[in-house]
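Undergrad: Sharing a structure below in structure tokens format, with a few things to ask.
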Amino acid sequence: MPQSLAQVYLHLVFSTKNRSPFLADPVLRDEMHNYLGGACNNLQCPVLRVGGVADHVHVLCRLGRTISVADLVKELKRESSKWVKTKAPSLADFHWQNGYGAFSISPGHVEPVRVYIAKQEEHHRIVTFQDEYRNLLRKYGLEWDERYVWD
């Protein structure tokens, strides 16, 4: 079979270093979401939704056929971190956390995840990032060590 086809949906979650609220400004946050979406598309991983709040982001995309999850996240963090540091002197210390969460999404769950990401501001009026992330880890059956999840 000469043609390679894939349809793998990913829900990526990662935080700013120490959950610092670098993205508190709604204008900067929207720009970051747009930048991450464009970077995803440039990496041949069509973006479906990017959202988040002051201290973390969610990315819903289709994984391209020629890139690993780890390389996708590494490039998204690297490019967006370089870009955001050019926006203002106060962002010179911007960093993403070292780790990330990557969760596979079935085609039937794409729309609910897209809505979930769109409603992040509302969601985080009630739930902290740490509790949200723990809930995602539980939902997907992942074990974790609290000593190493947060940086």
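Read the figures in this text as sums done on the coordinates, not as results from a lab. In this text, all values refer to a predicted model and were calculated from it rather than measured experimentally. So basically every Cβ, Gly included, is an ideal-geometry build from the backbone, and we count neighbours across all protein chains shown.
Undergrad: Which one of P112, F94, S15 has its Cα pushed farthest toward the positive end of the charge dipole of the chain, where Lys and Arg give +1 and Asp and Glu give -1 at the Cβ?
TA: Of the candidates, P112 comes out farthest on the positive side.
Undergrad: How large is the charge dipole for segment 9-149, taken about the Cα centre, if only the Cβ atoms of Lys, Arg (+1) and Asp, Glu (-1) carry charge, to the nearest 20 debye?
TA: The dipole magnitude comes to about 220 debye.
Undergrad: Cα centroid distance between segment 1-30 and segment 35-50, in Å?
TA: Spelled out, the Cα-based centre of one part sits 8 Å from the other.
Undergrad: I want to check the label-to-label distance for R78 and E31. Put each point 7 Å from Cα in the C-beta direction and report it in nm to one decimal.
TA: Label-label distance for R78 and E31, simple model: 2.3 nm.
Undergrad: Given the Cα-Cα distance of E111 and S90 and 0.36 nm per residue of separation, how much length would full extension add, in nm?
TA: 4.0 nm is the gain from fully extending E111 to S90.
Undergrad: Right, something else. If you take the beta carbon distance between K17 and D71 as r and set R0 to 22 Å, what does 1/(1 + (r/R0)^6) give as a FRET efficiency, to the nearest 0.05?
TA: 0.60
Undergrad: Which percent of the Cα-Cα distances in the chain go past 28 Å?
TA: 16
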